[in-house]
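Student: Have a look at the structure that comes next, please.
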Amino acid sequence: MRVLAIPVEVPSPLSGGIATSTSLLYALLEKYVDLTMLISSRYAKKNNKKLWNSIVIPAIGKSILEIISFGKNAAKYINKNHKNYDVIHLHLPLGLGVLHFLEKEVMNKVLVTFHTTYVGYNNMFKLIKLNEIKYIDDFFGKFGYYSVMNRIERKLSKKIIFASAVSKGVANELISHYELEKVEVIPNGIDQTIERNEIIPDWILFVGRLTVQKGLIDLLKAIEVLKNEGYKFNLNICGRGYLEKFISSYIHKKKLEKFVNLNGFVSRDRLVYFYQHSNLGVIPSLYEGFPMVGLEMASAGMSIVATDASRIQEIVCEENKDFIVRSRDFRTLANKIANLLENIDLPIQIGAKNKAKCRKEYDINNIVKKYLKFYYIISSYK
């Protein structure tokens with residue numbers, strides 16, 4: 001079977017998001033299918049390693065410009081060469097432009113996987129106050145960009161014959177807002193390799209891009225509450241992003257230097273070290289489809305304090321669900337972190353159950369089998 005995959009980004013374990021989930025997926029899928037990928041030239045330029053089984057498609061600019069330019073050029077290739085492939089696997093939201101330019105005759109072999117939706121992002125920005133916006137793209141997001149993209153995505157979804165979503169939450173968005181009749185839920189998968197080792201009771205871990213979406217403003221407010229209440233802890237923040245200077249300034253202003261470490265981008269080995277030794281993880285996101293960092297934390301045996309918008313309720317065990325709070329509720333976020341800091345055994349017990357659930361439900365080998373089954377259904381569709 002020949003499969004043409006369009007992740008847009010270069011699959012990479014450390015990039016986060018779609019790039020991380022597709023790196024695991026396609027590394028295994030290529031053992032079963034003849035796989036080719038279409039990659040945006042912008043992401044290809046940022047990649048230091050040789051791209052495997054890929055065609056670089058020209059794209060200009062960022063954001064909507066890249067979506068349109070990559071989409072037009074990738075669709076041109078697909079429309080011309082689609083008879084050479086049995087399945088075309090398109091990942092959204094980055095591949096939305098491709099969906100726009102694809103010809104109708106191609107759609108009967110296209111699987112569209114939604115990692116997030118624009119209706120989700122649009123709803124997220126309703127939670128963000130104007131004075132919390134520190135970046136021009138977020139300003140446009142607050143005032144119209146995601147609303148427009150939501151309408152475009154909803155219209156283009158009517159072209160789709162085969163759709164999958166990485167979580168039940170994303171599937172519900174598609175069914176209720178975009179009126180897709182059937183959406184197959186195929187979650188992201190994880191390679192079970194991380195083992196816990198000498199847990200440090202006061203270590204808290206955040207991993208992700210330093211952006212407004214990730215809820216870092218609320219996390220820092222929660223940390224300030226914990227400091228003022230006399231708790232001893234060490235929050236390790238791993239990641240880079242446009243909020244880095246703001247976060248650094250906030251830490252200094254609130255005198256949190258003894259409580260928060262900004263580690264920047266960390267190597268895979270260093271990240272695994274944090275997973276092995278941290279007592280608990282925090283995911284205060286304002287919107288996620290199915291967070292890979294949540295999957296990695298849970299599969300490593302960590303307990304997690306998170307917001308309901310982070311979508312980890314599909315990942316963690318029942319006991320961990322008591323530590324999911326409403327988005328933007330930083331005081332309850334602080335209380336839940338405090339509960340786990342106070343009880344040495346509880347995070348370990350919850351973490352063990354999280355790991356068992358991930359091993360059972362999200363092993364990457366089983367996820368690959370689900371995609372292969374879907375591929376065969378599509379390839380035989382008339």
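Student: So which residues in segment 175-198 are closer than 21 Å to residue 291 by Cα and either hydrophobic (A, V, I, L, M, F, W, C) or crowded, with 16+ Cβ neighbours inside 10 Å (or both), if there are any at all?
Tutor: Within segment 175-198, the subset closer than 21 Å to residue 291 by Cα is 175, 183-196.
Across segment 175-198, the qualifying residues are 175, 183, 184, 185, 186, 187, 188, 189, 190, 194, 196.
Student: Given the conditions (1) more than 27 Å from residue 117 (Cα to Cα); (2) touching a Ser or Thr at 6+ places or on another chain (Cβ under 7 Å); (3) open to solvent by 20 Å² or more (accessible area, probe 1.4 Å), which single one is not true for residue 340?
Tutor: Every listed condition holds for residue 340 apart from (3).
Student: Here is a further query. Output the residues belonging to segment 115-131 that are open to solvent by less than 20 Å² (accessible area, probe 1.4 Å) and part of a helix (DSSP H, G or I).
Tutor: Scanning segment 115-131 gives 118, 119, 120, 124, 125.
Student: Let me ask something else about it. Residue 175 - would you say it is over 18 Å from the mean Cα position of the chain (by Cα), β-branched (Val, Ile, Thr) and not in a helix (DSSP H, G or I)?
Tutor: In short, no.
Student: Could I ask something else about it? Out of the residues in segment 178-187 that are in a loop (DSSP other than H, G, I, E, B) and modelled with pLDDT of 95 or more, state the one that is nearest to the chain's Cα centre (by Cα).
Tutor: Filtering first and then ranking leaves 187.
Student: Out of (1) aromatic (Phe, Trp, Tyr); (2) assigned to a loop (DSSP other than H, G, I, E, B); (3) open to solvent by 20 Å² or more (accessible area, probe 1.4 Å), what's the single condition that is false for residue 374?
Tutor: The number of the failed condition is (2).
Student: Between residues in segment 19-33 that are of a type in the set (S, T, N, Q) and residues that are part of a helix (DSSP H, G or I) and open to solvent by less than 10 Å² (accessible area, probe 1.4 Å), which pairs lie under 9 Å by C-beta distance while being six or more apart or on different chains?
Tutor: As it stands, the answer is 21/295, since those pairs meet every condition given.
Student: Could you pull out the residue among 205, 220, 226 that is closer than 29 Å to residue 11 by Cα and touching a Phe, Trp or Tyr at 6+ places or on another chain (Cβ under 7 Å)?
Tutor: Among 205, 220, 226, only 205 is closer than 29 Å to residue 11 by Cα and touching a Phe, Trp or Tyr at 6+ places or on another chain (Cβ under 7 Å).
Student: Continuing with the same structure: Which of the residues spanning segment 133-172 are among the small types (Gly, Ala, Ser) and in a loop (DSSP other than H, G, I, E, B)?
Tutor: Within segment 133-172, the first condition is being among the small types (Gly, Ala, Ser), and the residues that meet it are 141, 144, 147, 157, 163-165, 167, 169, 171.
Hits for segment 133-172 are 144, 167.
The values are calculated or read from the model by the stated rules, or taken from the named source; none is laboratory data. Predicted model only: the values in this text are computed from it and were never measured. Ideal geometry is used to build each Cβ from the backbone, glycine not excepted, and the neighbour counts take in all protein chains shown. Ligands, DNA and RNA are excluded from the accessible area calculation, which covers all protein heavy atoms including side chains. Shrake-Rupley method; radii C 1.70, N 1.55, O 1.52, S 1.80 Å.
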